[in-house]
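Inspection log for the structure reproduced underneath, given as C-alpha cells.
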Amino acid sequence: MESIRDKVAIIGMGCTKFGERWDKSANDLIIEAAYEAYEDAGIEPTDIQAAWAGTLQTGSSGVSLAAPLKLKNIPVTRVENMCATGTEALRNALFAVACKAYDLVLVVGFEKLKDLGYAVLGGGYEHPVFNTGYSTPGTYALAATRYFEAYGATKETLAKIAVKNHHNGILHPKAHFRREITVEQAMKAPIIGWPLGLFDCCPRTDGAAAAIICRKEDVRKYKRQDDYILVKGMGIAAGTATGKSRTDYDYLHFDENLSASAQAYEQAGIDNPLNELDLAIVHDCFTITELIIYGDLGFCAADKSKDYVDDGVFTMEGDLPVNTDGGLKAFGHPQGASGLRMVYEVYNQLLGRAGPRQLKSPKLGLTHNLGGAPGVEVLACVGIFGL
Amino acid sequence: MFGIVSYGAYIPYYRLGWDEIARAWGGTAPKGEKAVANYDEDSTTMGVEAAINCLGPVDRKEIDGLYFATTTAPYREKQSSSLMAAALDLREDILTSDFTNSLRAGTIAIKTALDVIKAGSAGKILVVSADCRIGAPKSQFERLFGDGAAAFLLGSDNAAVSLEGSHSISSEFMDVWRTGDDAFPRSWEERFIITEGYLKIIRRCVSGMMNTYHLNPDDFARVVLYGPDPGSHANAARSLGFDLKGQVQPPLFASVGNTGAAFSLMMFVSALEEAKAGDRILLAGYGDGCDAHVLKVNENIEDIKDRRGVNYHLSLRRALPGYDKYAGFRNLIAKEVGAGASRATFLPWLWRDRKQILSLHGSRCNGCGTISFPIQRVCEHCLKKDAFEEVRLSDKKGRVFTFNVDNLAPGAESPVVITIVDLEGGGRLRCEMTDCDPGEVKIGLDVELTFRKMHDARGIHHYFWKSRPLR
C-alpha cells in the first residue's frame with residue numbers, strides 16, 4: 001500500500017464568513033468560497049477538470065455544485081459522510097488526482113443550516129422506535145458522564161476548552177462567534193443535556209469552504225509562488241455502530257479516532273504528535289469531544305487530558321495549539337464545510353497568512369473531522385498537512 | 001384442580017392528591033389520592049406489567065391464551081391482547097381476545113377463561129385487566145377514577161384458588177357510558193343510577209348466587225365487591241348482610257381510585273395477598289349486569305405470595321407536584337409542538353423488527369456467546385455470520401453504565417433521560433428511563449425494564465421498552 005504523502009498539493013483555498021447568513025443562499029455561499037479559491041490558486045474556473053461537493057443535507061447530487069458554478073458537463077460528485085463530509089470530499093478528490101485520473105480539481109463543502117429552523121430530527125428514514133429521545137448533545141453527554149467518573153474531569157475542564165476556543169475565534173474575522181467568554185459563564189450556562197451546557201456545544205451555522213488541488217509536480221503549471229501545502233497523510237475509519245450494544249465500549253474514547261490517526265501518522269511518519277505537530281484543528285462539536293480527542297490522537301494520555309488542559313498545553317501559547325481559529329465552537333459548524341474549514345486554517349498558518357493568530361513558523365498541521373456520536377455511528381477522518 | 005394459579009397487579013408510580021384537584025378547581029377535598037398512569041402508559045402497558053408480575057417464574061411458552069379486559073383499549077379497531085402477547089413473548093399459536101366495553105369485562109373474562117379450561121380446550125390462560133379512564137376535568141369522576149391493572153394465570157392444574165360457583169345476570173341498565181366520540185364517561189342523576197341501578201342489581205346477583213349455592217353471608221371469609229364510589233360500595237355490602245370491618249375487602253378509592261374493569265380484580269388481588277387456605281371469597285363485578293364468583297383458597301396460595309401485587313405497588317409511589325402535570329400526562333391541555341414532534345414511521349419496518357421491538361429479543365452468538373441488541377447478523381466480536389439464537393432481554397435487570405438528562409431531545413415530557421444499561425447475563429441496551437426523578441439517575445443505578453408507549457405517528461401507537469430504577 002502506497003502512502004499519499006507528498007503526492008498532492010493544495011494550491012488555493014477559500015472560505016466564506018461563517019455565521020447566520022440570512023441574506024445568502026447555499027448557492028451564494030458556494031460561489032463566495034469557490035471564487036476566493038480560484039483567485040488564490042490563480043486559475044480560471046474553466047481549468048477545473050472535476051469537482052467534489054460535500055454536503056450533509058443542503059444538496060443531493062453533484063449538480064448542487066455544478067449549477068451555481070456553471071461547471072459545464074464535467075465529473076462532479078456529491079459525497080456525504082456525516083459531519084466529516086468536508087474532509088471526505090477532499091479525500092476523494094486527492095486520491096483521484098494522485099492516481100492521475102485528473103490534474104486539477106475543485107472541492108467545495110457547504111451547508112445552509114440556518115434556513116432549517118430548529119434541528120430537523122425524526123423526519124427521515126430512521127428506525128421507528130429504537131432511537132427515540134435522541135439529540136446529539138445528549139449522546140455526547142453520555143461520554144461526558146463517563147469521563148467525569150473515570151478521569152476526574154469536571155465541568156470546569158470543559159469550560160476551559162470553550163473559553164480557549166472562544167478566545168481564538170476573536171482572532172478570526174470569518175468566525176461565527178467573536179466574543180470572549182469566562183469559565184464562570186460557561187459553567188453557569190443553561191444545561192442542554194446534562195452535563196453539557198450551552199457553551200459546551202457548537203452552533204448551527206451557514207458556511208462554505210473550497211480547495212483546489214493538483215499533483216505536487218504540477219504546481220508550477222498553475223502557480224508562480226511556492227504558496228501551497230502538501231498532503232502528508234490522510235486516514236479515515238468508519239466504526240461498526242455497536243458501541244451502544246457492546247458492553248466492552250467505555251464511552252471514553254473512539255476506536256475510529258485511534259484508527260484514523262494511526263493511518264495518518266504512519267503515512268506522514270509521525271511518532272510523537274505532541275512534539276512533531278505545530279497545530280491541530282480538531283472536531284470540537286462539544287467540549288467533551290475535544291477533551292477525548294486529546295487522548296485519542298496521542299496528544300496526551302487520556303487520563304491526563306484534564307491536567308494538560310489545566311496547564312494550557314493546547315492554548316495559542318502552549319506546546320500544541322489546538323483550534324487556533326476557534327474550532328467548531330466559535331467558528332461554527334456547517335457540516336459539509338467544516339472539514340475544509342479546518343484545512344483552511346492549517347493552510348493559512350503554514351503559509352504565514354494567519355494574521356493576529358499566526359503561530360511562529362509552523363511546518364506541520366493536523367485536521368481531525370468526526371462524524372456521528374459516541375455509541376451510535378462514528379466515523380473519523382484525520383489529515384496531516386505540511387510544507 | 002383447575003382455577004387460579006397465580007396473580008399479579010400493577011399500580012402506576014405517580015399519585016395525584018385529591019387536594020391538588022381541589023387546588024386546581026376550587027373547594028376542599030378529604031384526604032386521598034388517585035393513581036395516575038405516567039404519560040407513557042396506557043391500559044396495555046399497565047396490563048403487560050401486571051401480567052409480568054403474575055407470571056413470575058412461569059414458562060411463558062406454556063400459556064395457551066391471553067384475554068384482556070378493558071374499557072380503554074388504545075385502538076377502536078385493532079386488538080390489544082395481540083400486542084400484549086407479543087410484549088410478553090408468548091407463543092404464536094394461542095388464542096388472544098379482548099373483552100371490552102363493560103366495566104364488568106374483568107370478571108367476565110375470568111369466568112370465560114375458567115370455562116374454556118374446564119372444557120379442556122386450553123391448559124393455561126392469562127387474564128389481564130387494566131383501565132385508564134379519564135374523568136371529565138372538574139367532575140366527580142375525575143377524583144374517583146384511578147389507573148391500574150390486575151392479572152391472573154388460570155390453569156387446569158395446581159390451582160391456588162378454585163371456582164366453586166358463579167352466578168351472572170345481564171341488565172340493560174345505563175349508568176355510565178361513552179360513545180365512540182366521547183373523551184369522558186357520561187352519566188345520569190346519581191339517585192337514579194345508584195338506587196335503581198347499582199344497589200338493586202348487585203343485590204339481586206349476589207343473593208341469587210347465595211340461593212343457588214345455599215350459602216349465607218357468614219360463609220365468606222372475604223367479600224370483594226365492585227363499587228362506583230365509597231358510600232354506595234358500603235351500602236351494597238351492608239344491605240347484603242356482610243360485615244364491613246371484618247369481611248368486606250376495603251376498596252382502593254382513596255389510594256388508587258376506581259380502576260374500571262380492573263377495579264374488582266385489583267381488590268381481589270388484595271384479598272388473595274392476605275388469604276389463607278380454606279378461605280372462601282366472593283368476587284362480584286358490576287356493569288351491564290353483574291357477576292358473582294365464589295372462590296375457594298387452598299394451600300398452594302403460599303407458593304405465590306411473593307408476586308408483586310397491590311401491596312407492593314401501594315408502597316411504591318410518588319406524588320405529582322400538581323394538577324397541571326396530570327393534565328399534561330392525559331393530554332387535557334394543548335402543548336407546544338416542538339422540533340421532531342412528528343416522527344416518520346414505517347409499518348414494514350415495525351413488522352420486520354417486531355420481535356426486537358415488542359419482545360425485546362437480542363441475539364446471542366453461537367460462536368462466542370456475545371449478546372447484542374439490536375440483533376447483529378454478523379457478530380461484533382467473532383464475526384460469525386447468521387450464527388445466533390434470539391434471547392429475550394425484557395426480563396433482565398441491569399445497571400446504568402452512563403446516562404444523560406436531555407433538555408433538547410424531542411419527547412412528550414422534558415427532560416428526556418437516556419440510559420445505557422448493561423444487562424445481567426450480558427448485553428447492553430440504550431433506552432429512555434421512565435418513572436424517575438432526573439436527579440436520582442447515576443452511574444451504577446440498578447434498573448429493570450418496563451414496556452411503554454413511546455409516541456404516536458400516523459395513528460400508530462409505538463411501543464418499546466424503557467429502564468426504570470429498581471425500587
#### Entry: Candidate set from region A:356-379 (those that are touching an Asp or Glu at 6+ places or on another chain (Cβ under 8 Å) and charged (D, E, K, R)); member that is surrounded by the most Cβ atoms within 10 Å (Cβ to Cβ)
A:Arg357
#### Entry: Number of the exception - B:Thr434 against (1) of a type in the set (S, T, N, Q); (2) in contact (Cβ under 8 Å) with a residue 12 or more places away in the chain; (3) under 22 Å from A:Leu198 (Cα atoms)
(3)
## Note on the structure
Here the residues within region A:135-185 that are assigned to a helix (DSSP H, G or I), away from chain B (no Cβ under 14 Å), closer than 13 Å to A:Cys201 by Cβ and not aliphatic (A, V, I, L, M) are A:Asn165, A:His166
### Message
Residue pairs, Cβ under 8 Å, 6 or more apart or interchain, first in region A:184-210 and outside the structural domain of A:Leu90 (by TED's automatic domain parsing) and closer than 18 Å to B:Pro438 by Cβ, second assigned to a strand (DSSP E or B) and among the acidic types (Asp, Glu). List them.
### Response
A:Ile192/B:Asp406; A:Gly193/B:Asp406; A:Trp194/B:Asp406
### Task
Of all residues in region B:167-180, count the ones that are touching a residue at least 40 places away in the same chain (Cβ under 8 Å) and assigned to a strand (DSSP E or B).
5
#### Entry: Qualifying positions in region A:307-346 - out of contact with any helix residue (DSSP H, G or I) (no Cβ under 7 Å at 6 or more places or on another chain) and surrounded by fewer than 24 Cβ atoms within 10 Å (Cβ to Cβ)
A:Asp307, A:Asp310, A:Asp311, A:Gly312, A:Val313, A:Glu317, A:Gly318, A:Pro321
### Query
Can you tell me which of B:Val48, B:Val5 is more than 26 Å from B:Tyr326 (Cα to Cα) and not in a loop (DSSP other than H, G, I, E, B)?
B:Val5
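Any idea which of A:Ala84, A:Ala93, A:Ala101, A:Ala141 is assigned by TED's automatic domain parsing to the domain that holds A:Val183, of a type in the set (A, V, I, L, M, F, W, C) and touching a residue at least 40 places away in the same chain (Cβ under 8 Å)? Quick ask: steps written out before the conclusion?
Details: A:Ala84 fails: assigned by TED's automatic domain parsing to the domain that holds A:Val183; A:Ala93 fails: assigned by TED's automatic domain parsing to the domain that holds A:Val183; A:Ala101 fails: assigned by TED's automatic domain parsing to the domain that holds A:Val183.
Answer to the selection: A:Ala141.
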### Query
Identify, please: which residue in region B:373-396 is over 30 Å from the mean Cα position of the chain (by Cα), exposed (fewer than 15 other Cβ atoms within 10 Å of the Cβ) and of a type in the set (Lys, Arg) and is, among those, nearest to the other protein chains (Cβ to nearest Cβ)?
B:Arg377
### Message
For region B:400-415, give me each residue that is closer than 19 Å to A:His127 by Cα and either at pLDDT 95 or above or more than 28 Å from the chain's Cα centre (by Cα) (or both).
### Response
B:Ala409
### Query
For A:Lys304, are the conditions met, namely being in a helix (DSSP H, G or I), among the charged types (D, E, K, R), crowded, with 24+ Cβ neighbours inside 10 Å and at pLDDT 95 or above?
no
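Table: residues versus (1) assigned by TED's automatic domain parsing to the domain that holds B:His167; (2) more than 25 Å from B:Pro217 (Cα to Cα); (3) of a type in the set (D, E, K, R).
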site	(1), (2), (3)
B:Val248	yes, no, no
B:Ile281	yes, no, no
B:Gly287	yes, no, no
B:Cys290	yes, no, no
B:Asn298	yes, no, no
B:Asp303	yes, yes, yes
B:Leu320	yes, yes, no
B:Ala334	no, yes, no
### Query
Failed condition for A:Pro128, given (1) outside any helix (DSSP H, G or I); (2) away from chain B (no Cβ under 13 Å); (3) crowded, with 20+ Cβ neighbours inside 10 Å, with all others met?
(2)
### Task
Working only within region A:231-243, note down all residues that are surrounded by fewer than 24 Cβ atoms within 10 Å (Cβ to Cβ) and within 11 Å of chain B (Cβ to nearest Cβ).
A:Gly239, A:Thr240, A:Ala241, A:Thr242
#### Entry: Which listed residue, of B:Val176, B:Val206, is β-branched (Val, Ile, Thr), surrounded by 21 or more Cβ atoms within 10 Å (Cβ to Cβ) and in the same structural domain as B:Ser97 (by TED's automatic domain parsing)
B:Val206
### Task
Would you kindly identify the strands (runs of 3 or more DSSP E) lying entirely within region B:351-465 that contain at least 1 residues that are over 14 Å from A:Phe130 (Cα atoms)?
B:361-365, B:388-392, B:398-406, B:416-423, B:446-457
### Condition broken by B:Arg399, with the remaining ones in (1) touching a residue at least 40 places away in the same chain (Cβ under 8 Å); (2) surrounded by 18 or more Cβ atoms within 10 Å (Cβ to Cβ); (3) within 12 Å of another protein chain (Cβ to nearest Cβ) satisfied
(2)
### Query
Pick from A:Leu65, A:Leu104, A:Leu113: which is modelled with pLDDT under 95 and surrounded by 15 or more Cβ atoms within 10 Å (Cβ to Cβ)?
A:Leu113
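Yes/no per residue for (1) assigned by TED's automatic domain parsing to the domain that holds B:Leu126; (2) over 29 Å from B:Leu360 (Cα atoms); (3) not hydrophobic (A, V, I, L, M, F, W, C):
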residue: B:Gly27; (1), (2), (3): yes, yes, yes
residue: B:Pro30; (1), (2), (3): yes, yes, yes
residue: B:Phe68; (1), (2), (3): yes, no, no
residue: B:Met84; (1), (2), (3): yes, no, no
residue: B:Ala105; (1), (2), (3): yes, yes, no
### Query
Across region B:417-438, what is the total count of residues that are closer than 23 Å to B:Ser315 by Cβ and either surrounded by fewer than 16 Cβ atoms within 10 Å (Cβ to Cβ) or within 8 Å of chain A (Cβ to nearest Cβ) (or both)?
2
### Message
Condition first: surrounded by fewer than 16 Cβ atoms within 10 Å (Cβ to Cβ), more than 11 Å from chain A (Cβ to nearest Cβ) and touching a helix residue (DSSP H, G or I) at 6+ places or on another chain (Cβ under 9 Å). Now tell me which residues in region B:439-464 satisfy that.
### Response
none
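Does region A:257-264 include one or more residues that are surrounded by 23 or more Cβ atoms within 10 Å (Cβ to Cβ), in contact with a helix residue (DSSP H, G or I) (Cβ under 6 Å, 6 or more places away or on another chain) and outside the structural domain of A:Tyr38 (by TED's automatic domain parsing)?
yes
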### Message
Of the residues B:Arg330, B:Arg308, B:Arg364, B:Arg343, only one is modelled with pLDDT under 95 and surrounded by 15 or more Cβ atoms within 10 Å (Cβ to Cβ); which?
### Response
B:Arg343
### Query
Would region B:12-31 turn up any residue that is modelled with pLDDT of 95 or more and either among the polar types (S, T, N, Q) or within 25 Å of B:Val391 (Cβ to Cβ) (or both)?
no
### Query
So A:Ala33 fits all but one of (1) of a type outside the set (Asp, Glu); (2) touching a Gly at 6+ places or on another chain (Cβ under 6 Å); (3) within 19 Å of A:Leu230 (Cα to Cα); what number is the exception?
(3)
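Quick test for you: out of A:Ala96, A:Ala53, A:Ala37, pick the one residue that is surrounded by fewer than 23 Cβ atoms within 10 Å (Cβ to Cβ) and outside any loop (DSSP other than H, G, I, E, B).
A:Ala96
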### Query
Taking A:Ile288, is it farther than 30 Å from A:Gly138 by Cβ, crowded, with 19+ Cβ neighbours inside 10 Å and not hydroxyl-bearing (Ser, Thr, Tyr)?
no
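The values are calculated or read from the model by the stated rules, or taken from the named source; none is laboratory data. These numbers come from a predicted model, not from an experiment. Every residue, glycine as well, gets a Cβ built from its backbone with ideal geometry; the counts of neighbours run over all protein chains shown.
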